[in-house]
Amino acid sequence: MYRKKTSDLWVCCLFLFLVGMPASVEARNDSWSLRASDPDATYVGAPVANGGIGILPWKEPFSIRHVVLNHVFDAEEPQGVSKVLRGINPFLLEMRVNGERIGMDNISGWEQDIDMKGAGHNTHFVAAGKVKVAYSVYALRNMPCSGLVHVEVEALADVELRFVNTIEAPDDYDPSLFSSRQINGEKARSLVFRKSAFSTHRRRAVSASSTFLYDRNEQGLAVTAQGEQNTLTLSLRKGKKRSFSLAGAICSDRDFLDPYNESDRQVIYAAQEGTDRLIAAHKLLWNELWKSDIIIEGDDEAQRAVRFALYNLYSYVREGSGLSISPMGLSDSGYNGHIFWDSELWMFPPILYLNQGMAKSMIDYRTDRLGAACRKAKAYGYRGAMFPWESDDAGEESCPTWALTGPFEHHITADIGIAAWNYYCVTHNKEWLQEKGFPLIKEVADFWLSRSERNVDGTYSVRNVVCADEYAEGVDDNAFTNGAVIRALQAAVKAAEICGRPVDPAWNRVADGLVIPTFENGVTREHATYDGRTIKQADVNLLGYPLGIISDPEQQKRDMEYYVDRIDTENGPAMSYSILCVQYARLGDAEKAYKMFQRSYRPNSRPPFGVIAETATSDNPYFATGAGGMLQAVISGFCGLEITDGGIRQVPSVLPGHWKKVTVTGVGPDKKTFIREK
């Protein structure tokens, strides 16, 4: 990925502070909860998402900062590259107690917690000294375009409460159109509000609707509309409790020919189903997801951090969607919501182990866009498929032109071929391999035949690339690029044999002849002219894991010892240390493995919940790529799971000294359990 550097003094100070600190998470002993109780402390919000939309609650009462739509793109500016759209926000609520508006200055007892088990973001406080308030925000797993805010109140004195709902369109849209309508059903009466608009540049149609869910037989409760405000009024005597919900849906013309009426239908459905049934269905689906889990005994902090990482990856993708995960997931529009190598190399492996349905969506994202990749290859004079460094919904290159990663960071095409082969290795779905997997893997291999060049000594080189270490541009024989190409070409040979297709002898010839540079002392050289300078992220060390090109333990150690201190600790992304963790754990060095594991997330953890930023000095969470790296450190490092041609196996590894046991449940199609213990 590309990213702009920063030299702000406060950022450097923050980095120095965070490096030596554990993850700033207030948490109960319950490993399923993350808790915050100081509203004046540094606060970085944590999203709730369902693979369709992402909702970002904040600390202020009923605050929802924004909604992100998965793979709905506009342009960032006229004739600019694509940028994922923030949705029209139907979840805005304002609370008044006896006419007094409630904000941070007139509440007490503020607490928030994230319930990872039930995927809810919960807030509690006392409003104006007169009302206990508890509300939960859900991105409904059972309704990928919809969310729910469930509110419970208890009067500490006789009060009148007003909750005002409005719908807000961000600046990404042209002027919006508002409408409202009354729906009378057998189970509920609904006053439905709708706001729709076209995105500014590419004219994507987006519609958001909202309605209150409440017991229409409740005494002292009324819902009224005035202009674009939908108001629920409650009169409560001291000691009385009431509850209601606000349902919201955001639909676009990416998924619906008529997103306007569909957003209405979604909230009407929610009103007729009722809060209890909606939340029960949501939690049932999350209970199914959590049958595939990671349990760490002996380290409560690590358990919460790892489970939070898995919770976020589960939140950003759904089975059957044909969509993958961008670097920031559904937390924000960072990196414009594009799909990078982050998906295949970092987030795909843990998902592939634990949920093959989600993994299929991620690989379908690539097979569905194979045609676009083939067209790109032709446009640049190559054969086969040349996948974009940054992909939008069309599967075309969407990288800003100021970044050379778009034209030259070609290893992503090999990464995608490897991911497709690994999907087959885990599922052994031969029908998929024949129909979708092999056609992609073959086009990837053919691209690399046309991209590589034969040297006079019979070896092969790949010249003029941007490395996985993106500080190195325009270099020859990048170690990771060439290593990934070797694995992609070998996968093509094996896939062809399984499918009964012809094997191009050039696939083996180029794979056997590709150059992996070395220094005179035997250390693997990052590229042909690498001179020891600072690197952005792991590159050579990826040949030890996950590629397995370098398997000799002493060679792995030499390479890790050489490159670990060359990683940019300020502007390098989170994942490098997770790669080192895996290798040290498998080499039997528990102390170094644990040190690398800590470095893979602690400096990047942001209070109060421990959301992960991309770098130790940035503030752009949630960085889903880093979560993927951390999960690989535990699954493939400490637990020792490995994907082979024959499926998933467990290789020798060690645990940190104070860990008692790691259990990974629901692994592979057979939902096996793997354990590593002292």
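The values are calculated or read from the model by the stated rules, or taken from the named source; none is laboratory data. Because the structure is a prediction, the values reported are computed rather than measured. Cβ placement follows ideal geometry from the backbone for every residue including glycine, while neighbour counts extend to all protein chains displayed.
Things to note:
- Close contacts from the stretch 660-671, counting a first residue that is under 11 Å from residue 648 (Cα atoms) and a second that is surrounded by 18 or more Cβ atoms within 10 Å (Cβ to Cβ) and of a type in the set (Val, Ile, Thr), with Cβ to Cβ under 8 Å and a gap of 6+ residues or different chains, come to 667/648; 668/426; 668/648; 669/426; 669/427.
- In the stretch 126-134, the condition of being more than 26 Å from residue 262 (Cα to Cα), assigned to a strand (DSSP E or B) and among the small types (Gly, Ala, Ser) is met by at least one residue.
- Residues that are in a loop (DSSP other than H, G, I, E, B) and out of contact with any His (no Cβ under 9 Å at 6 or more places or on another chain) were ranked within the stretch 46-76; the one that is farthest from residue 336 (Cα to Cα) is 61.
- Any chance residue 395 is free of Cβ contacts under 8 Å to residues at least 60 places away in the same chain, farther than 17 Å from residue 547 by Cβ, assigned to a helix (DSSP H, G or I) and not assigned by TED's automatic domain parsing to the domain that holds residue 642: no
- In the stretch 307-324, the count of residues that are within 10 Å of the chain's Cα centre (by Cα) and within 20 Å of residue 468 (Cβ to Cβ) is one or more.
- Meets criteria (within 26 Å of residue 126 (Cα to Cα) and touching a residue at least 60 places away in the same chain (Cβ under 8 Å)) for residue 242: yes
- Yes/no for residue 542 being aliphatic (A, V, I, L, M), closer than 28 Å to residue 312 by Cα and buried (at least 18 other Cβ atoms within 10 Å of the Cβ): yes
- Number of positions in the stretch 173-185 that are farther than 16 Å from residue 264 by Cα and either in contact with a Leu (Cβ under 6 Å, 6 or more places away or on another chain) or without any contact (Cβ under 8 Å) to a residue 24 or more places away in the chain (or both): 1
- Residues in the stretch 583-601 that are in contact with a Pro (Cβ under 6 Å, 6 or more places away or on another chain) and assigned to a helix (DSSP H, G or I): 590, 594.
- The lone criterion from (1) surrounded by 20 or more Cβ atoms within 10 Å (Cβ to Cβ); (2) basic (Lys, Arg); (3) outside the structural domain of residue 457 (by TED's automatic domain parsing) left unmet by residue 536 is number (3).
- Scanning the stretch 425-445 for residues that are more than 25 Å from the chain's Cα centre (by Cα) and charged (D, E, K, R) yields 430, 431, 435, 442, 443.
- Failed condition for residue 676, given (1) charged (D, E, K, R); (2) buried (at least 21 other Cβ atoms within 10 Å of the Cβ); (3) under 18 Å from the mean Cα position of the chain (by Cα): (3)
- For the stretch 274-283, taking the residues that are out of contact with any Lys or Arg (no Cβ under 6 Å at 6 or more places or on another chain) and in contact (Cβ under 8 Å) with a residue 12 or more places away in the chain, the one that is farthest from residue 192 (Cα to Cα) is identified as 283.
- Looking at 344, 431, just one residue is surrounded by fewer than 20 Cβ atoms within 10 Å (Cβ to Cβ) and part of a helix (DSSP H, G or I), and that residue is 431.
- Within the stretch 647-673, the set of residues being more than 25 Å from the chain's Cα centre (by Cα), closer than 22 Å to residue 487 by Cβ and crowded, with 18+ Cβ neighbours inside 10 Å comprises just one member, 653.
- Test: residue 453 is of a type outside the set (Gly, Ala, Ser), touching a residue at least 40 places away in the same chain (Cβ under 8 Å) and surrounded by fewer than 18 Cβ atoms within 10 Å (Cβ to Cβ): no
- Qualifying position, being at pLDDT 95 or above, touching a Pro at 6+ places or on another chain (Cβ under 7 Å) and closer than 20 Å to residue 95 by Cα, among 210, 243: 210
- In the stretch 172-193, the residues that are surrounded by 13 or more Cβ atoms within 10 Å (Cβ to Cβ) and either of a type in the set (Gly, Ala, Ser) or within 29 Å of the chain's Cα centre (by Cα) (or both): 172, 173, 176, 179, 180, 188, 190
- Selection status of residue 405, under 25 Å from the mean Cα position of the chain (by Cα) and not small (Gly, Ala, Ser): yes
- Scope the stretch 637-646; condition loosely packed, with under 15 Cβ neighbours inside 10 Å and either part of a loop (DSSP other than H, G, I, E, B) or of a type outside the set (Ser, Thr, Tyr) (or both); matching residues: 645, 646
- Subset of the stretch 563-576 (residues that are of a type outside the set (A, V, I, L, M), out of contact with any strand residue (DSSP E or B) (no Cβ under 8 Å at 6 or more places or on another chain) and assigned to a helix (DSSP H, G or I)): 565
- Annotation: residue 258 fulfils all but one of (1) buried (at least 22 other Cβ atoms within 10 Å of the Cβ); (2) under 30 Å from residue 164 (Cα atoms); the unmet one is (1).
- Candidate set from the stretch 205-234 (those that are more than 37 Å from the chain's Cα centre (by Cα) and part of a strand (DSSP E or B)); member that is surrounded by the most Cβ atoms within 10 Å (Cβ to Cβ): 234
- Tally of residues being under 22 Å from residue 34 (Cβ atoms) and under 25 Å from the mean Cα position of the chain (by Cα) across the stretch 88-134: 13
- Some residue of the stretch 79-88 being out of contact with any His (no Cβ under 9 Å at 6 or more places or on another chain), assigned by TED's automatic domain parsing to the domain that holds residue 177, under 30 Å from residue 322 (Cβ atoms) and at pLDDT 95 or above: yes
- The criterion of being closer than 29 Å to residue 389 by Cα and hydrophobic (A, V, I, L, M, F, W, C) holds for residue 306.
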